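Enquirer: Dropping a structure here in structure tokens format, bear with me for questions.
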Amino acid sequence: MPTTRKENLQFGMMMCLGMVIVMTFYNVLMNGAGGPIHIKEIVLELLIGFIIALLIEICIVGPCAKKIVFALPFDKSKKINIIVVMATAMVIGMVFFMSFFGMAMMYLHNELHGDSFISIYFSIFIKNFMMAYPLQLIIMGPLVRFLFTRFVMKKKSVNIA
């Protein structure tokens, strides 16, 4: 899909934005939001979450996932195989890191209770993975690839011609 650094950044921004929006609202619903939810708080959390997710995707997870995916022994001649394996690696990595962000947000809202750090983190990780993986494979991945091809790649072909 993306062939240049600029396109890679645009694709990453589109994917992060979509995933952060859906996952933020998912986590608000899952954690019960122990009181009234203020629009300012949600917008701030979305903005902070987007910036953190984008930095993690660009600096850590994206490069590591690409190295791992292309080192694995599977049939890379089929585009769908690369897409599924890359999506799997990206979701595992992003959920791993963003679950810490989720814990921090829960802590700031006084929603962490009882159990140990590890058990809370593992619970958040599992819940987020169960939502993020199908979301990425079924909805967000195809949607972002379509939009990217339609609007970003289309501009590229128009500019060349």
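Enquirer: Is it the case, given these coordinates, that F74 is modelled with pLDDT of 90 or more, assigned to a loop (DSSP other than H, G, I, E, B) and either among the hydrophobic types (A, V, I, L, M, F, W, C) or on the phi > 0 side of the Ramachandran plot (or both)?
Expert: Considered against the rule, which asks whether it is modelled with pLDDT of 90 or more, assigned to a loop (DSSP other than H, G, I, E, B) and either among the hydrophobic types (A, V, I, L, M, F, W, C) or on the phi > 0 side of the Ramachandran plot (or both), F74 comes out as yes.
Enquirer: Taking the conditions exactly as written (in contact with a Leu (Cβ under 9 Å, 6 or more places away or on another chain), at pLDDT 85 or above and under 16 Å from N27 (Cβ atoms)), does I120 satisfy them or not?
Expert: Yes, satisfied.
Enquirer: Please enumerate the residues belonging to region 63-83 that are within 17 Å of G12 (Cα to Cα) and free of Cβ contacts under 8 Å to residues at least 12 places away in the same chain.
Expert: P63, K67
Enquirer: Which count do you get for residues in region 1-31 that are surrounded by fewer than 16 Cβ atoms within 10 Å (Cβ to Cβ), in contact (Cβ under 8 Å) with a residue 12 or more places away in the chain and not in a helix (DSSP H, G or I)?
Expert: Qualifying residue count for the region: 2.
Enquirer: Still on this structure: Within region 44-84, can you find the residues that are aliphatic (A, V, I, L, M), surrounded by fewer than 18 Cβ atoms within 10 Å (Cβ to Cβ) and under 14 Å from G141 (Cβ atoms)?
Expert: I80, I82, I83, V84
The values are calculated or read from the model by the stated rules, or taken from the named source; none is laboratory data. Because the structure is a prediction, the values reported are computed rather than measured. Using ideal geometry, Cβ is built from the backbone for each residue, glycine included, and neighbour counts are taken over all protein chains shown.
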